[in-house]
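Below: one structure, written as structure tokens.
The values are calculated or read from the model by the stated rules, or taken from the named source; none is laboratory data. Quantities reported herein were computed from a predicted structural model and do not represent experimental measurements. All Cβ positions, glycine included, derive from the backbone under ideal geometry; neighbour counts span all protein chains shown. Accessible surface areas use protein heavy atoms only, side chains included; no ligands, DNA or RNA. Shrake-Rupley method; radii C 1.70, N 1.55, O 1.52, S 1.80 Å.
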Amino acid sequence: MTNYERNNTMVACILAFIIVGAVAVGAMFLLGTANLTWNPNINTTGDWDEGELFEFELTDTSMPATVTLNVDIDVGGLQVLFVDDADLVYEISIWVPNATLEEHGDPTVGYASDTITIDYPVAGVNVTLGSGTTYVMGLATTTGGVEVILSSPANVGDIDIHVTTGGIHFVMTSAVNITGDVDFSFRTTTGGIDVDASIPINVGGSFAGTVTTGSVDVTPVGWTLISQNHYETSNYATASNSITIVASTTTGGIEATLT
């Protein structure tokens, strides 16, 4: 059963998350990661100080094997976190400026065929996922940013993140749960990508970063340089489970710490 609650009290963490471009890396400029900075003036719409918070929650004692999370936001930011709760399908908070509410109405969260769907023009979205299933993600925003933090409760499959103008911040601890071979794809057109990835024990890892205009700065610990901006762990070709990370931006920069 889905529980819906409307709350007129502003949540400071969501508002701050949006105003600063939604991620700690923010927008990188043409000089690349040597001049890494974030842009608090990303072209947002409406007054973010005046709005409403919408909350959605779904639990299930009989979880499906896989749940897909699809989020598409035109302007704003998205944060995805995990908690150790085997019955939680999702807990979602959506902050919407009043001007957007007047034009587009209340946001909704869809759930059908084991797929969570959020599609709204201007919003700040916090998604908390549980530990009882494997999550596949397709996350996109046109102007803003996306932050994903994979910690010990997380069970994940493929992840695709696409930001047109803004930034991506991705963190993965070595306690994350991976089954099989998974692909992480991070793409920006104008902006920056910040990756902090620790590979779980006995899982192979590969990272490749490409930039058209800008730079790639990689700090590898225990990873081997294969070719320009391409690194692998020693067991990547032989491990039964592997993570392949591809980060690319047209104009901006990529910074990655690999352990």
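Which of the three applies to the stretch 142-243, rounded, prolate or oblate, going by the alpha-carbon gyration tensor with a ≥ b ≥ c and a/c under 1.5 meaning rounded?
Note, shape of the stretch 142-243 comes out oblate.
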* To do: Output ³J(HN,Hα) for the stretch 225-231: one whole-Hz value per residue in order, computed from phi by the Karplus curve 6.51 cos²θ - 1.76 cosθ + 1.60 with θ = phi - 60°, and x for Gly and Pro.
  => 6, 9, 7, 4, 6, 10, 10
* the stretch 89-102 - phi-based ³J(HN,Hα) in whole Hz, Karplus 6.51/-1.76/1.60, Gly and Pro as x -> 7, 6, 9, 10, 10, 10, 9, 10, x, 4, 4, 6, 4, 5
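Would you mind counting up the charge near residue 107? Only other residues with Cβ under 10 Å from its Cβ, with Lys and Arg at +1 and Asp and Glu at -1.
Computed value for this residue: -3.
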* **Probe 1.4 Å, accessible area per residue of the stretch 156-251, Å²** => 41 Å²
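State whether the stretch 80-233 is rounded, prolate or oblate according to the following rule on the C-alpha gyration tensor (a ≥ b ≥ c being the square roots of its eigenvalues): a/c under 1.5 gives rounded; otherwise a/b larger than b/c gives prolate, and the remaining case gives oblate. Please list the in-between numbers first.
Numbers: a/c = 2.62, a/b = 1.35, b/c = 1.95.
Note, shape of the stretch 80-233 comes out oblate.
Looking at the stretch 57-176, send over the antiparallel percent of its DSSP beta bridges, to the nearest 5. It would help to have the intermediate numbers written out before the result.
Values: 11 of 53 bridges.
The antiparallel fraction comes to roughly 20 percent.
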